[in-house]
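Inspection log for the structure reproduced underneath, given as structure tokens.
Rule-based calculations on the coordinates, nothing more; no lab input. Predicted model, so just to flag it, every value in this text is computed and none were measured.
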Amino acid sequence: MVAKTPKFTQTPDSERSYTLKGVRLPNIEIECIRCERVDSLERKAVVAKFGASVSFSKLRRRLAMGCDRLCHPDGDLCEMRFRCLQSLDADG
């Protein structure tokens, strides 16, 4: 019997490198196509709760708590993304 290799989604470089301190947009926009979740969070409230030095990668895990796909046996299958980072990557 061959062991099944877990599938892990690659965390986008933008999520690893950006922090709330470095992204000064007034709103943090998130979406998950799979769950049909779309939300806009006030940056000031997110900073107050998680701190300005939190990375978007850690923030993603915190905001996706409770998602069955985040801690799936086959790896991180959650598709939650920060729309605001996609626009920053396109500019840079």
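For the range 20-84, what's the relative contact order in percent, using C-alpha pairs closer than 8 Å and at least 6 residues apart?
40 percent
Would you pull out the residues with amide H under 5 Å of Y18's amide H, same chain only if 5 or more places away, H placed 1.01 Å from N?
So Y18 has HN proximity to F56.
Can you give me the long-range amide H partners of C78? Hydrogens built in the peptide plane at 1.01 Å from N, cutoff under 5 Å, separation of 5 or more residues or another chain.
The list, which skips near neighbours in sequence, is L70.
Along the principal axes of its C-alpha atoms, what lengths does the range 20-84 span, in descending order and rounded to whole Å?
34, 21, 16
Work out, step by step, the length gained on full extension between E42 and Q86: first 0.36 nm times the residue separation, then minus their alpha carbon distance; give nm to one decimal.
14.1 nm
For L41, enumerate residues with amide H under 5 Å from its amide H, sequence gap 5+ or separate chain, H modeled in the peptide plane.
I28, E29, I30
Read phi for every residue in the range 33-50 and hand back ³J(HN,Hα) as whole Hz from Karplus 6.51 cos²θ - 1.76 cosθ + 1.60, θ = phi - 60°, with x for Gly and Pro.
Using θ = phi - 60°, the values come out as 5, 5, 8, 6, 9, 9, 8, 10, 10, 5, 4, 4, 5, 5, 5, 4, 7, 10 Hz.
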